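Trainee: Here it is, the structure in full.
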Amino acid sequence: MNTYPLKIITPQGKIFDGLVTSLTAPGYDGELGILARHDKMVVILKKGGMRIRAKGTEKYFAIDSGVLKVTPEHEVIILADNVIETATLAEARETQRIKVSNE
């Protein structure tokens, strides 16, 4: 399966930086999925859960809000206010208040 680089960055630092096969994120107008070679775009993200698939594994994150950008080089960059890793997608979606880990 094809991969692409994904970076998730918050004011506290880089949360994720690696090659992924897919990303599902909570867009302002609905959930969206990103696969390799997605066309360039910029999307506003709302509070919710994200799923990242990479190397046969899945990671889940709760995001407060942010912006997702797919560059012309097919790199995906997420700039977010707060992001925390969770054990499941359901937990990520249910997280009401995201706490900054280094406060």
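Trainee: Taking amide H positions as placed 1.01 Å from N in the peptide plane, with prolines and chain starts having none, which residues 5 or more places from THR86, or on another chain, fall under 5 Å of its amide H?
Mentor: TYR60, PHE61, ALA62
Trainee: Can you give the charge dipole size of segment 52-99 about its Cα centre, rounded to the nearest 20 debye, using +1 on the beta carbon of Lys and Arg and -1 on the beta carbon of Asp and Glu?
Mentor: Charge dipole of segment 52-99: 80 debye, to the nearest 20.
Trainee: Next question, about the same structure. So how do THR88, THR95 line up by other beta-carbon neighbours within 10 Å, fewest first?
Mentor: By the 10 Å Cβ count, ascending, the order reads THR88, THR95.
Trainee: Given the C-alpha atoms of segment 4-94, compute the convex hull and give its volume per residue in Å³.
Mentor: 81
Trainee: Continuing with the same structure: Any chance you could count the Lys pairs in the chain whose alpha carbons are under 25 Å apart, treating pairs 8 or more apart or on different chains as valid?
Mentor: Count of close lysine pairs: 27.
Trainee: Taking the number of other C-beta atoms within 10 Å as the exposure measure, put SER22, SER65 in order starting with the fewest.
Mentor: SER65, SER22
Trainee: Kindly put MET50, MET1 in sequence by how many other C-beta atoms sit within 10 Å of each C-beta, fewest to most.
Mentor: The most exposed by this proxy come first: MET1, MET50.
Trainee: Ok, one more. Hey, what did the chain get for relative contact order, percent, Cα under 8 Å, at least 6 apart?
Mentor: 26
Trainee: Next up: May I ask for the distance between the Cα centers of segment 33-97 and segment 1-26, given as a whole number of Å?
Mentor: Taking the Cα centre of segment 1-26 as reference, the centre of segment 33-97 is 7 Å away.
Trainee: Over the chain, what is the percentage of antiparallel beta bridges among all DSSP beta bridges, to the nearest 5?
Mentor: So the antiparallel bridges in the chain amount to around 90 percent.
Trainee: Can you work out the PRE-style zone for THR3? Point 7 Å along Cα to Cβ, and I want the residues of segment 30-60 with backbone N under 16 Å.
Mentor: 35-37, 52-59
Each reported figure results from applying straightforward, stated rules to the coordinates on display, with no laboratory input. Treat the numbers as computed from the prediction; the structure is a model and nothing was measured. As a convention, Cβ positions derive from the backbone with ideal geometry for all residues, glycine included, and neighbour counts pool all protein chains shown.
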